[in-house]
Amino acid sequence: MLLITILSAGTILSCGKPTEILTNEINTADIVQELPADEEKATEIPKQEVEVVINELDEAREAGKSVENIFFFDSYMHKGTDENRYVTALGSMEYSESERAAFIKNYLQSWDMYKEKPDGVVNGAEKSQVDYYLDESKRMTCFVVHMWFDSWVDYEGEVHDPYEITYCAAVAWEELEMQGSLSYESDEKGKVIAESLYGVSGDCIADISYEYMPGIVFPFIVTYQSKEEKDYDIEKLLNRNNKFWLYRDWAETDKMGVVRKYKRDIKEGYEYDADILCTYNKAGRLEAFLEQLSDFDIEMECEEENSGEILFRYNNNNLDTIDYHFCMFSHGTWDSSGKIHFDEQNRMVYRECYVTHGTHYWVYLYEEDEVRPKAIIYMCKQPYSWKDDGSAYDVEMSAYFFTPELP
């Protein structure tokens with residue numbers, strides 16, 4: 001049973017509908033007003049109409065759309081206040097398996113949350129694993145995030161064994177910040193075809209709709225409207241289980257509806273003319289997006305064959321990984337390369353990308369066979385830790401939780 005099952009059951013947070021303001025009348029028949037003894041009759045109190053307040057989220061509920069509430073955790077909320085007690089990590093490759101197990105045990109014991117076995121385990125395509133520990137009496141969840149990395153070569157050419165990085169986080173339920181709600185619609189196959197993002201007031205911030213193209217597992221965006229609210233990281237909340245935002249209007253298709261070219265920047269969605277070819281394997285599944293070398297990259301003497309490449313690899317006809325790389329001259333260094341891992345249901349479960357100060361990591365948690373992740377855990381670059389002082393540095397973690405609203 002995943003953490004979010006308990007969230008949706010309402011034992012962590014009140015995830016039902018907010019108190020509704022309905023069309024009604026104030027009935028004053030039961031109001032007793034004490035009058036002076038010599039008053040023969042009580043003055044009649046007239047009925048009053050209550051103004052109906054209906055927001056856009058209420059309208060989505062009335063239309064029968066599925067609704068989720070959004071909650072946010074950020075390690076920065078504890079910055080400067082014994083922050084390593086809330087989020088810490090073991091990043092050194094020098095630690096043995098037994099030392100790493102002792103590190104986890106000590107962390108859980110510091111919160112009086114240690115158990116021989118976690119309450120749940122979520123695996124992420126052999127790249128990550130999340131163990132979680134629940135305590136309803138303390139109203140707290142502890143996460144232990146394991147991430148494994150391949151062998152690596154140092155500056156002197158020495159090859160090092162694969163290694164693990166371990167994050168530990170304590171999330172107090174009362175400290176989760178509600179950031180609004182999402183409504184969505186699905187087709188008969190369970191694929192999401194439309195979403196709307198709402199603020200805590202119930203006002204709509206953004207709308208998006210999708211279309212699915214032959215041979216491609218992720219959707220293309222048909223319509224998108226946004227009020228561009230600065231307080232909301234819209235691209236992390238809408239289309240949340242897809243890295244790239246591709247627009248249907250910029251896709252060129254053949255007579256069978258298969259996408260053959262894409263004419264817009266894929267990396268950031270900038271509105272400039274791009275020449276991107278789409279190739280497919282023998283099974284008709286998307287194999288690559290190849291952005292032809294731009295005039296600017298040629299002028300800058302870029303040594304790459306293309307200005308950008310997104311490569312899709314499959315295992316038993318299921319999408320296994322996506323590798324991408326963009327030329328730094330035309331696209332910059334931020335998120336210029338990365339890798340995405342999928343499970344056997346074509347769900348994104350883990351991704352990483354290069355940034356100028358290291359690497360960013362995301363782990364996606366799902367409830368059983370659902371297509372929408374119930375939680376996204378984000379970690380900013382690999383932490384540093386040394387055996388001599390036992391300290392961890394540069395530990396940053398945040399998470400979004402998406403809880404189904406109770407009927």
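The values are calculated or read from the model by the stated rules, or taken from the named source; none is laboratory data. A quick note: this is a predicted structure, and the numbers were derived from the prediction, not measured. Here the Cβ is made from the backbone with ideal geometry for all residues, glycine too, and neighbour counts use every protein chain on show. Note: areas computed on protein heavy atoms with side chains; ligands, DNA, RNA excluded. Shrake-Rupley method; radii C 1.70, N 1.55, O 1.52, S 1.80 Å.
Tell me, please, whether a residue that is open to solvent by less than 20 Å² (accessible area, probe 1.4 Å), within 30 Å of Asn106 (Cβ to Cβ), in contact (Cβ under 8 Å) with a residue 24 or more places away in the chain and hydroxyl-bearing (Ser, Thr, Tyr) can be found in segment 162-182.
yes
Taking segment 197-223 as the region of interest, how many residues are over 19 Å from the mean Cα position of the chain (by Cα), closer than 26 Å to Ile340 by Cβ and part of a strand (DSSP E or B)?
Residues flagged as over 19 Å from the mean Cα position of the chain (by Cα), closer than 26 Å to Ile340 by Cβ and part of a strand (DSSP E or B) within segment 197-223 amount to 3.
The conditions are (1) at pLDDT below 85; (2) surrounded by 17 or more Cβ atoms within 10 Å (Cβ to Cβ), and Glu299 fails exactly one of them. Which is it?
(2) is the only condition that Glu299 fails.
Of the residues that make up segment 269-292, is at least one surrounded by 14 or more Cβ atoms within 10 Å (Cβ to Cβ), closer than 20 Å to Arg351 by Cα, at pLDDT 85 or above and hydroxyl-bearing (Ser, Thr, Tyr)?
Taking every residue of segment 269-292 in turn, none turns out to be surrounded by 14 or more Cβ atoms within 10 Å (Cβ to Cβ), closer than 20 Å to Arg351 by Cα, at pLDDT 85 or above and hydroxyl-bearing (Ser, Thr, Tyr).
Spot the failing condition for Gly124; the list is (1) open to solvent by 30 Å² or more (accessible area, probe 1.4 Å); (2) under 30 Å from Ile208 (Cα atoms); (3) among the small types (Gly, Ala, Ser), and only one is missed.
(1)
Give all pairs with beta carbons closer than 7 Å in which a residue from segment 295-307 that is in a helix (DSSP H, G or I) meets a residue that is surrounded by 13 or more Cβ atoms within 10 Å (Cβ to Cβ); count only pairs at least 6 apart in sequence or on separate chains.
Phe296/Phe329; Phe296/Ser330; Asp297/Ser307; Asp297/Cys327; Asp297/Phe329; Asp297/Ser330
Kindly indicate which of Phe289, Phe312 is over 23 Å from the mean Cα position of the chain (by Cα) and closer than 30 Å to Lys374 by Cβ.
Phe289
Just give me the residues in segment 317-329 being in contact with a Gly (Cβ under 9 Å, 6 or more places away or on another chain) and surrounded by 21 or more Cβ atoms within 10 Å (Cβ to Cβ), in sequence order.
Answer for segment 317-329, where residues must be in contact with a Gly (Cβ under 9 Å, 6 or more places away or on another chain) and surrounded by 21 or more Cβ atoms within 10 Å (Cβ to Cβ): Ile322, Tyr324, Phe326, Cys327.
Return the residue satisfying two criteria in turn: it lies in segment 77-91 and is at pLDDT 70 or above and of a type in the set (Gly, Ala, Ser), and of such residues it is farthest from Val395 (Cα to Cα).
Restricting to residues being at pLDDT 70 or above and of a type in the set (Gly, Ala, Ser), the top hit is Gly91.
Applying the selection to segment 207-240, what residues are crowded, with 16+ Cβ neighbours inside 10 Å and either in contact (Cβ under 8 Å) with a residue 60 or more places away in the chain or of a type in the set (Lys, Arg) (or both)?
Selection gives Gly215, Ile216, Val217, Leu237, Arg240.
Scanning for something assigned to a loop (DSSP other than H, G, I, E, B), under 30 Å from Lys255 (Cβ atoms) and open to solvent by 30 Å² or more (accessible area, probe 1.4 Å), does segment 145-157 turn up at least one residue?
The answer is no, given that none of the residues of segment 145-157 is assigned to a loop (DSSP other than H, G, I, E, B), under 30 Å from Lys255 (Cβ atoms) and open to solvent by 30 Å² or more (accessible area, probe 1.4 Å).
Output the number of residues of segment 272-283 satisfying the condition of being of a type outside the set (S, T, N, Q), closer than 19 Å to Phe342 by Cα and part of a loop (DSSP other than H, G, I, E, B).
Counting residues in segment 272-283 that are of a type outside the set (S, T, N, Q), closer than 19 Å to Phe342 by Cα and part of a loop (DSSP other than H, G, I, E, B) gives 1.
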